[in-house]
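Trainee: Here it is, the structure in full.
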Amino acid sequence: MSRIGKKPVDLPSGVSASLSGQKIEVKGPKGTQSFTATDDVTLTIEENQVKVTPRGKSKRARQQWGMSRTMVQNLVTGVTTGFKKELEIQGVGYRAQMQGNSLKLNLGYSHDVDYVAPEGVTITAPKQTEIVVEGNDPQAVGEVAAQIRDWRRPEPYKGKGIRYKGEFIFRKEGKKK
């Protein structure tokens, strides 16, 4: 039995959900999101709650049960509060700034890196050493944050690079004579 799947997803005030077949659409203050569930689960809306139940006892149905419930929960969270990833830049001369819809990064290369934010995701740089990625789709927010981090991953000797806020970088000792 899925412990996650058993819990119904509560719809807070200001959020509405509509169901058509296996597709659920959630509307809220931050926009509209939709998810199409597989045929292994059944979605129902009762009394401001979305319930997910498996169709059968197969392994695939049980897998889809918990995953589908989590996807619906992510829809509700996305249209109410949204998702956010924070990045930190460490290194001498490394900095970030916004120019319109584009993020300009100085990361020690011979050229500046320009990253244009995709639709549905907003990037801000409150400080020169901080980047905040926000949106209502957790997959898109994580993907954009990972792409920005890939321009200069943190290295283990001096710790320079772009890292997630709160991320621990295992430090190595340098060469000895």
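The values are calculated or read from the model by the stated rules, or taken from the named source; none is laboratory data. These figures come from a predicted structure and were not determined experimentally. Here the Cβ positions follow ideal geometry from the backbone for every residue, glycine too, while neighbour counts run over all protein chains shown.
Trainee: Among residues belonging to the range 113-167 that are without any contact (Cβ under 8 Å) to a residue 40 or more places away in the chain and in contact with a Ser or Thr (Cβ under 8 Å, 6 or more places away or on another chain), point out the one that is farthest from K30 (Cα to Cα).
Mentor: By that ranking, first place goes to D114.
Trainee: Still on this structure, I have one more. Look through R69, R171, R152 and report the one residue that is at pLDDT below 95 and in the same structural domain as T42 (by TED's automatic domain parsing).
Mentor: From the options R69, R171, R152, the qualifying one is R69.
Trainee: Moving on to the next point. Residues that are surrounded by fewer than 18 Cβ atoms within 10 Å (Cβ to Cβ) and of a type in the set (D, E, K, R): does the range 65-82 have at least one?
Mentor: No: the range 65-82 contains no residue that is surrounded by fewer than 18 Cβ atoms within 10 Å (Cβ to Cβ) and of a type in the set (D, E, K, R).
Trainee: When the residues of the range 12-52 are narrowed to those that are assigned to a loop (DSSP other than H, G, I, E, B) and either hydroxyl-bearing (S, T, Y) or on the phi > 0 side of the Ramachandran plot (or both), which ends up farthest from the chain's Cα centre (by Cα)?
Mentor: Once the filter is applied, the top-ranked residue is E47.
Trainee: Just need a number here: residues in the range 4-38 that are free of Cβ contacts under 8 Å to residues at least 24 places away in the same chain, loosely packed, with under 13 Cβ neighbours inside 10 Å and of a type outside the set (S, T, N, Q).
Mentor: Of the residues in the range 4-38, 2 are free of Cβ contacts under 8 Å to residues at least 24 places away in the same chain, loosely packed, with under 13 Cβ neighbours inside 10 Å and of a type outside the set (S, T, N, Q).
Trainee: Can you give me the number of residues within the range 39-52 that are under 23 Å from D10 (Cβ atoms) and surrounded by fewer than 16 Cβ atoms within 10 Å (Cβ to Cβ)?
Mentor: Taking the range 39-52 as the starting set, the residues that turn out to be under 23 Å from D10 (Cβ atoms) are 41-52.
Going one step further and asking which of them are surrounded by fewer than 16 Cβ atoms within 10 Å (Cβ to Cβ), we end up with 42, 44, 46-49.
Of the residues in the range 39-52, 6 are under 23 Å from D10 (Cβ atoms) and surrounded by fewer than 16 Cβ atoms within 10 Å (Cβ to Cβ).
Trainee: Still on this structure, please answer the following. For N106, state whether it is in contact with a Gly (Cβ under 9 Å, 6 or more places away or on another chain) and surrounded by 14 or more Cβ atoms within 10 Å (Cβ to Cβ).
Mentor: yes
Trainee: Name the residue, out of P8, P12, P54, that is touching a Gly at 6+ places or on another chain (Cβ under 9 Å) and closer than 16 Å to Q73 by Cβ.
Mentor: Of the residues listed, the single one that is touching a Gly at 6+ places or on another chain (Cβ under 9 Å) and closer than 16 Å to Q73 by Cβ is P12.
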